[in-house]
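A.B. asks: This is the structure I have questions about; it appears just below.
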Amino acid sequence: MKLEMGVDIGGLALKNPVMTASGTFGYGEEYSDYLDLNRLGAIVVKGLSLEPREGNPPPRIIETASGMLNAVGLQNVGVRAFIDDKLPWLRRIDSAIIVNIFGETIEDYVKVAKILNDAVGVAALEVNISCPNVKRGGVTFGSDPGLAGEVTRAVKDVSRLPVIVKLTPNVTDITEIAKSVEDAGADALSLINTLTGMSVDIEKKVPHLENVTGGLSGPAIKPVALRMVWEVVNAVSIPVIGVGGIMNARDALEFLIVGAKAVQVGTANFLNPGVTVDIIDDIKRYMSEKGIGDINDLIGTLKI
């Protein structure tokens with residue numbers, strides 16, 4: 001049976017629904033010795049800011065029960081160096097290249113988006129709104145519906161590319177943020193970003209992370225991510241990309257069944273650099289066993 005794996009994410013056509021998650025796959029080239037990058041639906045590169053960023057001082061990653069905490073601090077080469085030094089290599093890959101962007105002010109987001117308009121080979125933007133707005137006293141863009149909509153609208157107004165907005169789970173009602181972002185013109189949503197957590201060294205009585213808190217990812221957060229994706233799918237009409245604790249094809253299938261049009265794989269890449277290709281193959285195997293010819297016939301089939 002011929003299997004149709006293609007999905008449409010807000011006007012962006014992908015060969016299959018499996019992507020990498022930003023911040024876990026570098027700029028793509030780092031993983032090229034471990035898997036065929038051409039097989040991926042999309043590569044989402046490490047988040048980019050207007051200027052290079054060193055990130056937080058170490059220690060900034062620690063393993064936890066069923067996951068890890070990271071406080072890397074969005075270290076990156078900056079958008080211009082990415083275009084000059086990283087993007088030429090990525091253009092050789094036959095998979096969609098999605099660029100994650102972030103800023104500390106709305107003006108930062110706009111400037112980065114404008115620069116990427118002229119970057120040949122970029123298929124879409126993923127806007128990280130889990131960042132503090134320095135002009136509003138550090139209020140996180142993604143925790144305030146008004147701010148989330150404002151930054152989305154600002155990026156949409158200047159970008160020629162599809163705009164995916166990545167939502168933070170550290171809110172009271174994620175559907176409220178999702179609807180505000182949809183109303184502001186987002187083409188798609190990705191969720192969830194990491195959950196804020198911390199870990200303590202009981203001998204020294206100090207935090208394990210120099211930054212004190214960090215973002216929790218890995219299997220521990222999957223039930224939360226799955227619930228939030230299901231809620232958002234039922235609250236908006238734009239495509240949703242499921243992220244959070246996906247370690248294998250069974251995890252990915254859960255997100256597709258609750259209505260995610262695609263998935264992103266993050267922490268699992270550190271354990272098995274080729275896991276994304278394994279997930280693609282195992283989803284195909286599942287479809288063959290179940291007699292499902294088109295992945296879109298599986299998406300959103302949850303029975304309540």
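The values are calculated or read from the model by the stated rules, or taken from the named source; none is laboratory data. Since the structure is predicted, the reported quantities are computational estimates derived from the model, not experimental observations. Quick reminder, even Gly has a Cβ in these numbers, built from the backbone with ideal geometry, and neighbours come from all protein chains shown.
A.B. asks: Quick check on Gly245: is it in contact (Cβ under 8 Å) with a residue 60 or more places away in the chain and not in a loop (DSSP other than H, G, I, E, B)?
C.D. replies: So Gly245 fails the test.
A.B. asks: Which pairs have Cβ atoms under 8 Å, sit 6 or more apart or on different chains, and link a residue in the range 25-37 that is at negative phi and outside any loop (DSSP other than H, G, I, E, B) to one that is basic (Lys, Arg) and modelled with pLDDT of 95 or more?
C.D. replies: Correct list of pairs: Glu29/Lys86.
A.B. asks: Look at Val229 and say whether it is among the β-branched types (Val, Ile, Thr), closer than 13 Å to Met5 by Cβ and touching a Phe, Trp or Tyr at 6+ places or on another chain (Cβ under 9 Å).
C.D. replies: For Val229, the condition - among the β-branched types (Val, Ile, Thr), closer than 13 Å to Met5 by Cβ and touching a Phe, Trp or Tyr at 6+ places or on another chain (Cβ under 9 Å) - is not met.
A.B. asks: Specify the residue that is farthest from the chain's Cα centre (by Cα); the eligible residues are those in the range 179-229 that are polar (S, T, N, Q) and under 21 Å from Ala260 (Cβ atoms).
C.D. replies: Ser180
A.B. asks: Is the range 58-67 home to any residue that is closer than 26 Å to Lys15 by Cα and in contact with a Leu (Cβ under 8 Å, 6 or more places away or on another chain)? Please lay out each step first, then the result.
C.D. replies: Keep residues of the range 58-67 that are closer than 26 Å to Lys15 by Cα, which gives none.
No, every residue in the range 58-67 fails to be closer than 26 Å to Lys15 by Cα and in contact with a Leu (Cβ under 8 Å, 6 or more places away or on another chain).
A.B. asks: State all residues of the range 213-227 that are of a type in the set (A, V, I, L, M, F, W, C), out of contact with any strand residue (DSSP E or B) (no Cβ under 6 Å at 6 or more places or on another chain) and more than 19 Å from Val18 (Cβ to Cβ); if no residue qualifies, say none.
C.D. replies: Restricting attention to the range 213-227, the residues satisfying the condition of being of a type in the set (A, V, I, L, M, F, W, C) are 216, 220-221, 224-226.
Right, trim to out of contact with any strand residue (DSSP E or B) (no Cβ under 6 Å at 6 or more places or on another chain) and you get 224-226.
Selection gives Val224 alone.
A.B. asks: If only one of Ile93, Ile62 is surrounded by fewer than 22 Cβ atoms within 10 Å (Cβ to Cβ), of a type outside the set (Gly, Ala, Ser), touching a strand residue (DSSP E or B) at 6+ places or on another chain (Cβ under 8 Å) and assigned to a strand (DSSP E or B), which one is it? Please lay out each step first, then the result.
C.D. replies: Working: Ile93 fails: assigned to a strand (DSSP E or B).
After applying the criteria, what remains is Ile62.
A.B. asks: Quick one: Glu126 ticks every box in (1) among the charged types (D, E, K, R); (2) out of contact with any strand residue (DSSP E or B) (no Cβ under 9 Å at 6 or more places or on another chain); (3) in a strand (DSSP E or B) except a single one, so which number is it?
C.D. replies: (2)
A.B. asks: Mind listing whichever residues of the range 131-148 are surrounded by fewer than 22 Cβ atoms within 10 Å (Cβ to Cβ) and either among the small types (Gly, Ala, Ser) or touching a residue at least 40 places away in the same chain (Cβ under 8 Å) (or both)?
C.D. replies: Gly137, Gly138, Ser143, Gly146
A.B. asks: Mind counting the residues in the range 193-202 that are in contact with a His (Cβ under 7 Å, 6 or more places away or on another chain) and touching a residue at least 12 places away in the same chain (Cβ under 8 Å)?
C.D. replies: Number of matching residues: 1.
A.B. asks: Name the residue that is nearest to Ser190 (Cα to Cα), counting only residues in the range 116-130 that are buried (at least 17 other Cβ atoms within 10 Å of the Cβ) and β-branched (Val, Ile, Thr).
C.D. replies: Among residues in the range 116-130 that are buried (at least 17 other Cβ atoms within 10 Å of the Cβ) and β-branched (Val, Ile, Thr), the one nearest to Ser190 (Cα to Cα) is Val127.
A.B. asks: Pairs please, first residue from the range 203-231 and free of Cβ contacts under 8 Å to residues at least 24 places away in the same chain, second anywhere and assigned to a loop (DSSP other than H, G, I, E, B) and not small (Gly, Ala, Ser), Cβ atoms under 9 Å, 6+ apart in sequence or on different chains.
C.D. replies: These pairs meet every condition: Arg227/Val258.
A.B. asks: Search the range 111-124 for residues that are within 22 Å of Asp8 (Cα to Cα) and pair each with any residue that is at pLDDT 95 or above and charged (D, E, K, R) when their beta-carbon atoms are under 6 Å apart and the residues are at least 6 apart or on different chains.
C.D. replies: Short answer, once both residue conditions are applied: Asn117/Arg160; Gly121/Arg91.
A.B. asks: Residue pairs, Cβ under 7 Å, 6 or more apart or interchain, first in the range 176-192 and modelled with pLDDT of 95 or more, second among the acidic types (Asp, Glu). List them.
C.D. replies: Taking only residues 6 or more apart or on different chains, the pairs are Ser190/Glu126.
A.B. asks: So, one more: Checking Thr276 against (1) closer than 30 Å to Pro132 by Cβ; (2) part of a helix (DSSP H, G or I); (3) of a type in the set (Ser, Thr, Tyr): exactly one of these is not met. Which one?
C.D. replies: (1)
A.B. asks: Taking into account only those residues within the range 149-168 that are in contact (Cβ under 8 Å) with a residue 60 or more places away in the chain and of a type outside the set (D, E, K, R), which is farthest from Ile98 (Cα to Cα)?
C.D. replies: Leu167
A.B. asks: Continuing with this model, one more query. Does the range 76-90 contain at least one residue that is out of contact with any helix residue (DSSP H, G or I) (no Cβ under 9 Å at 6 or more places or on another chain), in a strand (DSSP E or B) and either modelled with pLDDT under 95 or among the polar types (S, T, N, Q) (or both)?
C.D. replies: Checking the range 76-90: not a single residue is out of contact with any helix residue (DSSP H, G or I) (no Cβ under 9 Å at 6 or more places or on another chain), in a strand (DSSP E or B) and either modelled with pLDDT under 95 or among the polar types (S, T, N, Q) (or both).
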